[in-house]
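*Asks:* After the structure tokens below, expect a handful of questions from me.
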Amino acid sequence: MKNYRFALSLALVLAISAVAGAFAPSGNEKTSGVNIGQPVADFKLPDADGKEHSLASLKGKNGTVIIFISAQCPMVKAYNERIEKLAQDYRTRGVNVIGINSNVTESTDDIKGHISNNKFSFAVLRDKGNKIADKLGAERTPEVYFLDASNKLAYHGRIDNHRDVTLVQANDLRDAIDATLAGKPVVKTEAAAFGCSIKRG
């Protein structure tokens with residue numbers, strides 16, 4: 001009886017281990033994302049007209065805001081005006097905005113329409129195959145990455161705390177930019193982005 005119970009217990013442990021192993025990382029998965037303080041390497045992507053741009057050619061002398069956007073996401077639509085205002089406000093202070101569309105479900109015409117309808121004054125690049133989204137670990141739209149003058153990640157996450165601009169109480173991205181421009185440390189370096197998931201292939 002003891003041997004039977006031992007065998008049964010052993011079989012149960014092995015079964016649980018096997019199930020757990022099926023959901024555990026194998027060690028072969030591609031790791032992605034960049035941590036606060038790490039530099040973001042230069043990259044190249046085309047715009048909606050097919051013209052290629054590099055991060056180096058678009059970056060601001062004092063910093064760069066990379067925003068993953070979508071032409072169709074309702075959350076991005078709620079932020080379009082704020083994003084353009086951000087680009088205008090900080091361009092004169094040496095911080096440039098770069099939009100990146102990584103959605104496989106959105107066409108070139110969708111992206112062009114998004115730019116035109118919102119009169120975006122900043123470059124919007126197309127990330128076919130989600131290469132840059134994967135490299136940075138981006139999951140949502142809108143999701144932002146603020147890089148300092150040396151391309152090191154200073155802030156990652158949401159633009160602010162609410163979809164409704166009248167209910168915004170925390171301007172996380174602007175606070176991070178302002179602190180960096182003033183030579184001060186960023187108090188909140190991360191705040192979870194919310195919005196639509198990036199549609200990957």
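*Asks:* Counting only residues 5 or more places away or on other chains, whose amide H sits under 5 Å from the amide H of Glu143 once H atoms are built in the peptide plane?
*Replies:* It is Phe68, by chain and number.
*Asks:* If you don't mind, another one. Please get the size of the charge dipole for segment 28-197, origin at its Cα centre, with Cβ charges of +1 on Lys and Arg and -1 on Asp and Glu, quoted in debye to the nearest 20.
*Replies:* 320 debye
*Asks:* On to the next question. Could you name the aspartates and glutamates in cross-link range of Lys44, using Cα to Cα under 16 Å and dropping any fewer than eight places away on the same chain?
*Replies:* Within the straight-line limit of under 16 Å, Lys44 reaches these aspartates and glutamates: Glu52, Asp127, Asp134.
*Asks:* While we're looking at this one, here's another question. What does the extension gain come out to for Ser54 and Ala149, with contour length at 0.36 nm per residue minus their alpha carbon separation?
*Replies:* Difference between extended and current length: 32.6 nm.
*Asks:* Report the label-to-label distance for Ala192 and Leu167 in nanometres (one decimal), using points 7 Å from each Cα along the Cα→Cβ vector.
*Replies:* 1.7 nm
Here, each number is a calculation from the coordinates, and none is a lab measurement. Quick caveat: nothing in here was measured; it's all calculated off a predicted structure. Reconstructed Cβ throughout: ideal geometry from the backbone, glycine too, with neighbour counts over all protein chains shown.
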